[in-house]
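The values are calculated or read from the model by the stated rules, or taken from the named source; none is laboratory data. What you are looking at is a predicted structure, and each value in this text was computed from that prediction instead of being measured. Neighbour counts run over all protein chains shown; Cβ positions are idealised from the backbone, glycine included.
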Amino acid sequence: MLHGRKTASGERYDMNELTAAHKTLPFGTRVIVRSLQTGREVAVRIVDRGPHLKNRIIDLSHAAAAALGIKGHGISEVQIVQQTPAKPALGEPARASGLQ
């Protein structure tokens, strides 16, 4: 269980918060994630790096997965739209990234 462990951004992971991990988006970026299965949407904040598995673009907190109605599905198809640009975290290079 990752709950309570430090994320790559330096904050502690709280499975009850609406957060996510993304490979390239700057920490603090807010994105809207929409489940293509349920049609539900949720706004999450990027706080960690990942997913570290091929063909996955985002890891969601338990709370975010529950809000989308996909908790327990393992893998689900989602659409991601960047809501707000974030300033790069200290020590993190600024870079543009295309959302898929």
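Considering only residues that are of a type in the set (S, T, N, Q) and in contact with a helix residue (DSSP H, G or I) (Cβ under 8 Å, 6 or more places away or on another chain), look in segment 3-40 and name the one that is farthest from R56 (Cα to Cα).
So the residue we want is N16.
Just wondering, is there one or more residues in segment 86-97 that are within 24 Å of K6 (Cα to Cα) and either under 14 Å from the mean Cα position of the chain (by Cα) or at pLDDT 90 or above (or both)? Among the residues of segment 86-97, at least one is within 24 Å of K6 (Cα to Cα) and either under 14 Å from the mean Cα position of the chain (by Cα) or at pLDDT 90 or above (or both), which makes the answer yes. Residue pairs whose Cβ atoms lie under 6 Å apart, sitting 6 or more positions apart in sequence or on different chains, and linking a residue in segment 18-34 that is touching a residue at least 24 places away in the same chain (Cβ under 8 Å) and surrounded by fewer than 20 Cβ atoms within 10 Å (Cβ to Cβ) to a partner that is assigned to a loop (DSSP other than H, G, I, E, B) and hydrophobic (A, V, I, L, M, F, W, C), are P26/A86; G28/A86. Quick one: is G28 over 21 Å from S76 (Cβ atoms) and modelled with pLDDT of 90 or more? Against the criterion (over 21 Å from S76 (Cβ atoms) and modelled with pLDDT of 90 or more), G28 qualifies.
Taking segment 50-66 as the range and being surrounded by fewer than 20 Cβ atoms within 10 Å (Cβ to Cβ) and either among the polar types (S, T, N, Q) or not in a loop (DSSP other than H, G, I, E, B) (or both) as the test, the residues that pass are N55, D59, H62, A63, A66.
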